[in-house]
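Everything on this sheet refers to the single structure shown next.
The values are calculated or read from the model by the stated rules, or taken from the named source; none is laboratory data. Bear in mind the structure is a predicted one, so any value in this text is a computation, not a measurement. All Cβ positions, even for glycine, are placed from backbone atoms using ideal geometry, and neighbour counts span all protein chains on display.
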Amino acid sequence: MSHIPDDFHAAWREALYYYEIGRHEQARAAFLELLPYAPDDGMLLYYLAACAFQLDETDEAERFVREALRNGCDGEMALSLLGAICMRKEAYVEAEECLLHALSLNPQNAGIMAQYAFLMLKTGYEEKARRLMREALRLDPENETVLHYHFFFQRAFDEKAGQEQTIRQYMHVAESDVDKLTKLGLAALDREDYREARECFRQAFLLEPTNRDLLRVLEEVDRVSHPIFFPNRLMQKMGGPIVWWLGFLALMTLLRRMEWYGTAAVTAIAYVLLCVYTWISPVVYKLFRKMMR
Amino acid sequence: MLDQELLRPSLKEGGVKATKSYDLDKLIYVGFFGGILPVLALGTVNAVWLRADKKRTMLLLTAGLTVLAARFAAIVATGEEGAAFVHSRLAGIVMAFAYRFALKKRYRLHTVLQGEHKSMAKAGLVGVVAGFVAEAVLIRLGEGIHHVTHTG
C-alpha cells in the first residue's frame with residue numbers, strides 16, 4: 001500500500017471494503033484499477049490473488065500470490081492463501097509446506113493453525129488434526145478462521161450441539177454475510193430442514209450471483225426438496241428403509257397368520273411399488289427437469 | 001505449551017491418506033441384483049477405504065460368510081437348491097443395510113471432507129455378474145457333493 005499515491009487511498013479503502021463484505025467481483029475490479037499505479041505492491045497483489053481465489057480462478061490466484069510473496073507481502077497471510085490454493089489443487093504436500101512455513105514465522109497464528117488442522121483432517125491424520133484444532137481454539141477461540149474450520153470439524157464428526165454453538169459465535173465475528181448464510185444453510189441441511197437451507201443459500205446467492213459453488217448447492221437443495229422425492233424423504237424420516245423393510249416383514253407375517261391374504265397381497269404390491277419408486281425417483285426427476293426446460 | 005511435534009510435516013513422509021468411498025446408498029442395488037457375495041466384497045473394500053474399525057469390518061465379513069456357508073451346507077445336506085437364489089438376494093440387501101449402518105460415522109466424515117463419491121457403476125456391474133457365476137458354481141458344487149456322498 002505504501003507505493004500507492006495518497007489520492008488513491010479512498011479507492012483502496014473502497015476496494016478493501018468490497019472484499020471484506022464478500023463482493024469479490026467488485027473488489028477485484030477496484031483492485032485492478034489500482035494495479036497500473038502500483039504494479040509491485042505486495043498487499044495489492046495479495047488481494048488480487050484472494051479475489052481470484054474466491055472467484056474460483058485458482059491459476060490466476062496462484063500467479064498473483066507468488067508475485068505478492070516476491071514483492072514482500074506479509075508472509076503469513078500470503079503463505080496461508082497459497083496453502084489454500086494448493087489444497088484446492090489437491091497438491092497437499094505443497095500445501096503442508098506453505099502452512100508450516102507460515103507457522104514457523106508465527107506459531108501463535110490461530111487461523112493458520114486451524115487451516116493446518118483441516119489439511120491434516122482431510123489427508124487422514126485425524127488424531128493430529130484434533131490436537132491442532134484444540135491448540136488453535138486455545139490460542140484464539142473467537143477467531144473467524146478458527147471458527148470456520150471448527151465448524152467443518154464438527155460437521156465431519158457429526159457433533160450437532162457443538163455445531164450450533166460454533167455458528168452462534170461465528171455470527172458475532174464473521175465479516176461476510178455470504179459466509180454467514182452459507183454456514184446457516186449447511187447447518188439447516190444437516191438438520192434436513194430444506195426450506196430453511198434453501199432460503200439461506202438463496203439469499204447468499206443473491207448477494208454473490210457469480211459464486212458457482214452456491215449455485216450448485218442451491219440446485220442440489222432444490223433437487224432433494226422436490227415433491228418428486230417426497231416418498232424418499234418420508235421413508236428417511238420414519239427410520240429409513242431398513243425400518244420400513246422390517247415393518248413390512250412383520251406386517252406380512254401378521255396378515256398371513258390372520259389369513260387376510262387379499263390385504264397381504266395389496267400391501268406387498270404397494271410396498272414393492274414404493275420401493276421401486278424411491279429407486280427410480282432420480283430418473284423421474286431428471287425427466288421432469290428436461291420437460292420443464 | 002504447544003507440542004512441537006504438531007508442527008512437523010506429516011505428508012512428506014507419511015503420504016496423503018485421504019479416505020475414499022462409493023456412494024453407499026447404492027450398495028443395496030448390488031444386493032438386490034447380485035446377492036450377498038458382491039455386497040461383501042464391495043462393502044469390505046469400502047470399509048477399508050474409509051479406514052473403519054478393523055474389528056467391525058471383520059465382524060461384518062465373518063457374519064456374511066457364515067450365512068453363506070450355512071446356506072451352502074443346507075444345499076449339501078439336502079441336495080436341493082431350494083430358493084437359494086432368492087435367499088442370497090435377501091441376505092445381500094440386509095448386508096447392504098448393515099454396511100450402511102456400521103459405516104455411518106466414517107461415511108459422514110468422508111462426505112463432509114472430500115465431498116465426492118466414487119462411482120459404483122463399473123465395480124457394481126462386475127460384482128453382480130461375478131456374483132451370479134460364483135453362486136451358480138456354489139449351487140452346482142453343493143448338489144454335486146450331496147450326490148457323491150449320498151450315492152457313493
- Query: Which of (1) within 11 Å of chain B (Cβ to nearest Cβ); (2) over 16 Å from the mean Cα position of the chain (by Cα); (3) surrounded by 14 or more Cβ atoms within 10 Å (Cβ to Cβ) is the odd one out, the single condition A:Asp222 does not satisfy?
  - Reply: (1)
- Task: Could you grab the pairs with beta carbons closer than 7 Å, sequence gap of 6+ or different chains, first residue in the stretch A:238-262 and within 14 Å of another protein chain (Cβ to nearest Cβ), second one surrounded by fewer than 15 Cβ atoms within 10 Å (Cβ to Cβ) and in a helix (DSSP H, G or I)?
- Result: A:Met252/A:Ala268
- Task: State which residue pairs qualify: first residue within 20 Å of A:Leu79 (Cα to Cα) and inside the stretch A:30-54, second residue among the polar types (S, T, N, Q) in any location, beta carbons under 7 Å apart, and separation of 6 or more residues or different chains.
- Result: A:Asp40/A:Asn71; A:Asp41/A:Asn71; A:Gly42/A:Asn71; A:Leu45/A:Asn71
- Query: Which condition number in (1) assigned to a loop (DSSP other than H, G, I, E, B); (2) at pLDDT 90 or above; (3) not β-branched (Val, Ile, Thr) is the one that A:Ala29 fails?
  - Reply: (1)
- Message: Being closer than 21 Å to B:Tyr29 by Cβ, within 14 Å of chain B (Cβ to nearest Cβ), touching a residue at least 12 places away in the same chain (Cβ under 8 Å) and not acidic (Asp, Glu) is the requirement here; does A:Tyr285 meet it?
- Response: no
- Tell me, please, whether a residue that is in contact (Cβ under 8 Å) with a residue 60 or more places away in the chain, part of a helix (DSSP H, G or I) and within 14 Å of chain B (Cβ to nearest Cβ) can be found in the stretch A:269-278. no
- In the stretch B:95-146, how many residues are charged (D, E, K, R) and either more than 14 Å from chain A (Cβ to nearest Cβ) or not in a helix (DSSP H, G or I) (or both)? 6
- Could you check, for the stretch A:76-88, whether at least one of its residues is farther than 18 Å from A:Gln54 by Cα, part of a helix (DSSP H, G or I), assigned by TED's automatic domain parsing to the domain that holds A:Leu55 and touching a Phe, Trp or Tyr at 6+ places or on another chain (Cβ under 9 Å)? no
- Query: Taking the stated definitions as given, is A:Ala61 touching a Gly at 6+ places or on another chain (Cβ under 6 Å), away from every other protein chain (no Cβ under 14 Å), touching a residue at least 12 places away in the same chain (Cβ under 8 Å) and assigned to a helix (DSSP H, G or I)?
  - Reply: no
- Confirm whether A:Phe118 is within 11 Å of chain B (Cβ to nearest Cβ), at pLDDT 95 or above and surrounded by fewer than 23 Cβ atoms within 10 Å (Cβ to Cβ). no
- Message: at pLDDT 95 or above and out of contact with any Leu (no Cβ under 6 Å at 6 or more places or on another chain): which single residue out of A:Ile85, A:Ile4, A:Ile21 fits that description?
- Response: A:Ile85
- Item | Condition met for A:Glu199 (of a type outside the set (A, V, I, L, M, F, W, C) and either closer than 30 Å to B:Leu103 by Cβ or touching a residue at least 24 places away in the same chain (Cβ under 8 Å) (or both)) | no
- Item | Residues of the stretch A:76-93 classified as over 19 Å from the mean Cα position of the chain (by Cα) and more than 13 Å from chain B (Cβ to nearest Cβ), total | 4
- Looking only at residues in the stretch B:9-45 that are facing chain A (nearest Cβ under 8 Å), assigned to a loop (DSSP other than H, G, I, E, B) and free of Cβ contacts under 8 Å to residues at least 24 places away in the same chain, which one is surrounded by the most Cβ atoms within 10 Å (Cβ to Cβ)? B:Ser10
- Task: Please note which helices (runs of 4 or more DSSP H) are completely contained in the stretch A:155-241 and include at least 2 residues that are at pLDDT 90 or above.
- Result: A:160-173, A:177-190, A:194-207
- Task: Consider A:Lys128 carefully, then state whether it is over 20 Å from B:Gln4 (Cβ atoms), facing chain B (nearest Cβ under 9 Å), basic (Lys, Arg) and free of Cβ contacts under 8 Å to residues at least 40 places away in the same chain.
- Result: no
- Go through (1) surrounded by fewer than 12 Cβ atoms within 10 Å (Cβ to Cβ); (2) outside any loop (DSSP other than H, G, I, E, B); (3) modelled with pLDDT of 85 or more; (4) not basic (Lys, Arg) one by one and return the number of the condition A:Glu259 breaks. (2)
